[in-house]
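Just so you know, all these numbers are worked out from the coordinates, no wet-lab data involved. All values reported here derive from a predicted model rather than from experimental measurement. Here the Cβ positions follow ideal geometry from the backbone for every residue, glycine too, while neighbour counts run over all protein chains shown.
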There are 2 protein chains.
Amino acid sequence: MPRNHEHPLSEAMDRRLFLKRTAVAGAALGLMGRGLAQQQPTADQVVQGKNPKLVVLSSRPVVMESTLELLGSERITSKANLFVRNNIDLPGLNTTEPNVQPGWEVEITGLVDKPFKITVDELSKLPQTEVTTVLQCSGNGRSFFNPRPSGNPWTYGGVGQVTWRGVLLKTLLEAKGVKLDPKARFITMNASTQGGAQPYEKSYPISVMEHNSAMLALGMNGEPLPAVHGGPVRLVAAGTFGTANVKWITKVEFTEKESSGNEQVPRYRVPVLPGWNTPILPTQPGSRYNYTLDNSRSNWGANINSFILSPLPGSSVRGRLVEIRGVAWNDGLAPIESIEVSVDSGTTWRKAVIEGDHGKFGWYRWVAPRLLSPGEYEAMVRATDALGRTQPLNGNIWWNERGYEWNGVMRVKFTVT
Amino acid sequence: MPRNHEHPLSEAMDRRLFLKRTAVAGAALGLMGRGLAQQQPTADQVVQGKNPKLVVLSSRPVVMESTLELLGSERITSKANLFVRNNIDLPGLNTTEPNVQPGWEVEITGLVDKPFKITVDELSKLPQTEVTTVLQCSGNGRSFFNPRPSGNPWTYGGVGQVTWRGVLLKTLLEAKGVKLDPKARFITMNASTQGGAQPYEKSYPISVMEHNSAMLALGMNGEPLPAVHGGPVRLVAAGTFGTANVKWITKVEFTEKESSGNEQVPRYRVPVLPGWNTPILPTQPGSRYNYTLDNSRSNWGANINSFILSPLPGSSVRGRLVEIRGVAWNDGLAPIESIEVSVDSGTTWRKAVIEGDHGKFGWYRWVAPRLLSPGEYEAMVRATDALGRTQPLNGNIWWNERGYEWNGVMRVKFTVT
């Protein structure tokens, strides 16, 4: 493959972002120069345009999380407040500005009758679809596992709700008159690595074309896709964990088997009993697991989850009427049917009211009004979908060596005055 | 294979049960002779020793279900009250009496270093293990799917709790010094068909040896295994649906792949999205599905479920203190953490009290005391386990062409006087 196809980004980005990258690197070096090697630079120093309230977990590659307060402050998570989990250190892309590259090419190949390449410019002229999804790192909540698995210590902020705009893979194949071989069972994506990193290759089950509006996304929240979030083009499958929503897409390959690359196995997997009725196989906390394609599955569909966004943990609120508020989401395969709140340690649960519109893959905003006398409280929330999938009371039941897919019932302590 | 191995049963049974079988056939013919072709004979006429209150769904092969009242009347379901779902018409075995055959041979073969045969007599001299399990037909509840799938119209009675006694497969292999080939991923069982029926072959994932106490059972509820329930020897895997607990075992084969026989596919399967976080793939009610080993899974681990056994549907009870009672169970992979009852259409749920001891694979007896004024009520029950698996409010979400694995929230209407 010619270098200018494999790394179409590097030179253009070099020109465009030279000054910004230099500025960020300088800021980071400045901090280290002050002898604060363990202190991270602030989010806006690491990625231009990010809210400094985001918490930086790593600056190379960039990993930063949002906060419960920021998540509760807007209906759609703005690009300034959205978490970042990059696996590849691409300093040239550390900005929320767009990555304008009309000539960027995506190759569609593998088990199709006519492989082809398409540029971002051509993609932008095909029919566009919008979908609002909950984007979440599969490591979100990792800090709550005990013992703490290795990896970035996410709390609750590795999640956000964003609106994508792009071309459905289905639409693209139809527009090009390209047919899939019936043997195709996976979609395997390749990210541009700018030549400086290991190949980043991930597979989805091909069913995401039907169930998850899989698309080549060019836009986010009504703007061109920010560089740090995968611009100019990202593969988005609504309802799946962030890890499978590969950024800076160069190749989409239809394959019979899932990738056996490092990002597919052993990374980003959870133990399973093949064919059993359980989303993960519980393993002994602290134990090791020899991940294979057979005895584990990739972080694909997001498991059901719900957060309390107000009151904030440790806060004081005025009584007696307290509105407990938050969000809930799942993989979109079936609607969330009830979101229940308990303020008596789980003895009684009462349905919260689901507010306003939510897309199939967006989050459900809910409010649970309670009459509470002055005192200390702990609220718990639990979402259940129409399939009977809910959250474990103690998320540690899912302890896994790599700390993925935490969805334990959230508990928030607050004071009513 | 010599005839006396393949069909070790027929002659001995012929001698032993000649009179009983004749009597049953006579009773059945008698009813038909009275012009009641559509009326089934009673349970005790079809299977000697069964409670006539059981509901006969088919007499050849024998299919009969128990009732909520009978299930609530005893802690361990007696052989008289236990449902029967036979796939093979074996008139000689239609009795709850034991099937005494010390010379009956089971062949252990496939991916083992030393294949061997063992008789029931030899099995009875190895260390025995007892396990109490919920045995349930995977078609139990089929009648509640809408539109009604074809197959036996089970309501709630295709379930019971019994205590098995037998030799763990693990113990057996150890005792014989036999090692499994690491390639072995399934256990494939063969039932004796007495030469008169199609082979009945089923596979389990090999993990049932570790997680489900898979055993060659020789006894049930402290007695030799009744003939109609699989005597002299049945493969039992605690926590799995009845279909995989193959009766009249002649061969246990360790295999790399699951059987592709008719009983394994397309029968006894539910649609799945491979690798997704959902126990079944929801399909459009009334639609067809082309079952393959890839796009579906066998009825293996029982999904979580709970029944109200008192008050009975439509009954009147004295108030104000009403004790709502019932049972709940799952596949035993993790404990059931809460069993909740609602009497206000699901707006509030309150934890029931779990009573007494229950094994890992047995059912949990629960009681929810409520103060209820005279009037009409509808109680709902929902069990949730430590893995966050619960029941759908509307079980029809799992509608599948063959009507398996119903576990919708049970609703019982009753009157308080």
Checklist entry - From the label point of B:Asp357, set 7 Å from Cα along Cα→Cβ, how far away are the matching label points in the other copies, in nm, ordered shortest to longest? => result 5.9
Item to check | Backbone HN-Hα couplings from phi across the range A:296-302 [Karplus 6.51/-1.76/1.60, Hz, Gly and Pro as x] | outcome: 8, 10, 5, 6, 9, x, 5
Next on the checklist: I'd like to know which of B:Leu126, B:Asn99, B:Ala383 lies farthest towards the positive end of the charge dipole of chain B, counting +1 on Cβ of Lys and Arg and -1 on Cβ of Asp and Glu.
Outcome noted: B:Ala383
Next on the checklist: Running a GNM on chain B with Cα contacts under 10 Å, which residue among B:Gly157, B:Gly375, B:Gly301 ends up with the highest mean-square fluctuation?
Outcome noted: B:Gly375
Checklist entry - Which three extents, in whole angstrom, do the alpha-carbon atoms of the range A:156-218 cover along their principal axes, largest first? => result 38, 30, 20
Next on the checklist: Assume the label is 7 Å from Cα along Cα to beta carbon: what separations in nm does B:Thr292 have to the matching positions in the other copies?
Outcome noted: 2.3
Next on the checklist: I need the phi-derived Karplus couplings for the range A:312-320: 6.51 cos²θ - 1.76 cosθ + 1.60, θ = phi - 60°, integer Hz, Gly and Pro marked x.
Outcome noted: 6, x, x, 8, 10, 10, 7, x, 7
Checklist entry - Relative to the first principal axis of the alpha-carbon coordinates of chain A, what is the inclination of helix A:10-33, with its axis defined by its Cα atoms, in degrees from 0 to 90 and to the nearest 10? => result 40 degrees
Checklist entry - When the Karplus curve 6.51 cos²θ - 1.76 cosθ + 1.60 is applied with θ = phi - 60°, which whole-Hz ³J(HN,Hα) does each residue of the range A:90-103 get, with x for Gly and Pro? => result 10, x, x, 10, 7, 8, 8, 5, x, 10, 6, 8, x, x
Checklist entry - Which entries of A:Lys117/A:Lys176; B:Lys117/B:Lys360; B:Lys79/B:Lys247; B:Lys176/B:Lys257; A:Lys179/A:Lys360; A:Lys79/A:Lys413 show an alpha-carbon separation above 21 angstrom in the structure shown? => result B:Lys117/B:Lys360; B:Lys176/B:Lys257; A:Lys179/A:Lys360; A:Lys79/A:Lys413
Next on the checklist: Just to be sure I understand the model, the point goes 7 Å from the Cα along the line to the Cβ. What's the resulting B:Glu210 to A:Val353 distance in nm?
Outcome noted: 5.0 nm
Next on the checklist: If you take each beta carbon of peptide B:343-356 and count the beta carbons of other chains within 10 angstrom, what is the mean?
Outcome noted: 3
Checklist entry - Which shape class applies to the range A:361-417: rounded if a/c is under 1.5, otherwise prolate when a/b exceeds b/c and oblate if not, where a ≥ b ≥ c are the square roots of the Cα gyration tensor eigenvalues? => result oblate
Checklist entry - For the range B:311-325 and the range A:290-332, what is the separation of their Cα centres, given in Å? => result 38 Å
Checklist entry - Could you give the nm distance between label points at A:Ser287 and A:Glu69, where each point is 7 Å from its Cα heading toward the beta carbon? => result 4.2 nm
Item to check | Distance between the range A:192-238 and the range A:353-383 - C-alpha centres, whole angstrom | outcome: 31 Å
Next on the checklist: I'd like to know how the range A:82-133 sits against the 2.2 N^0.38 Å rule of thumb: what's its Cα Rg over that expected value?
Outcome noted: 1.48
Item to check | For A:Ser296, residues with placed amide H under 5 Å, excluding near neighbours | outcome: A:Val272
Next on the checklist: Give the aspartates and glutamates whose C-alpha is closer than 19 Å to that of A:Lys114, dropping any in the same chain fewer than 8 places away, or say none.
Outcome noted: A:Glu105, A:Glu122, A:Glu174, A:Asp181, A:Glu253, A:Glu256
Item to check | At 7 Å out from Cα toward Cβ: B:Gly103 inter-copy label distances (nm, ascending) | outcome: 8.7
Next on the checklist: Under a Cβ-only charge scheme (Lys and Arg +1, Asp and Glu -1), can you give me the dipole magnitude of the protein assembly as shown about the Cα centre, in debye to the nearest 20?
Outcome noted: 580 debye
Item to check | Paramagnetic label zone (point 7 Å from Cα along Cα-to-C-beta, A:Ser150; backbone N under 11 Å) in the range A:213-242 | outcome: none
Next on the checklist: Please report, in whole Å³, the volume per residue of the convex hull around the C-alpha atoms of the protein assembly as shown.
Outcome noted: 183 Å³
Next on the checklist: Residue by residue through A:301-314, how many Cβ atoms from other chains fall within 10 Å of the Cβ on average?
Outcome noted: 1
Checklist entry - Can you give the FRET efficiency for B:Leu371 and A:Ser58, using 1/(1 + (r/R0)^6), R0 = 35 Å, r = Cβ-Cβ distance, to the nearest 0.05? => result 0.05
Checklist entry - Under unit Cβ charges (Lys, Arg +1; Asp, Glu -1), what dipole magnitude, rounded to 20 debye, does the range A:220-310 have relative to its Cα centre? => result 180 debye
Checklist entry - To two decimal places, what compactness ratio does the range B:148-191 give when its Cα radius of gyration is scaled by 2.2 N^0.38 Å? => result 1.90
Checklist entry - How long are the three semi-axes of the equivalent ellipsoid for chain B, computed from the Cα gyration tensor as the root of 5 times each eigenvalue, in whole Å, largest first? => result 35, 26, 21
Item to check | Alpha-carbon gyration tensor eigenvalues x 5, square-rooted, for the range A:200-348, Å | outcome: 33, 24, 15
Item to check | Cα pair distances exceeding 19 angstrom across the range A:305-416, given as percent | outcome: 44 percent
Next on the checklist: Could you tell me the calculated FRET efficiency between A:Arg318 and B:Asn262, based on Cβ-Cβ distance and R0 = 51 angstrom, to the nearest 0.05?
Outcome noted: 0.15
Checklist outcome for this item: Inter-chain shielding metric for B:200-206, i.e. average beta-carbon neighbours from other chains within 10 angstrom, reads 1
Checklist entry - Just how many % of Cα pairs in the range A:55-298 lie over 34 Å apart, if you round to the nearest whole percent? => result 14 percent
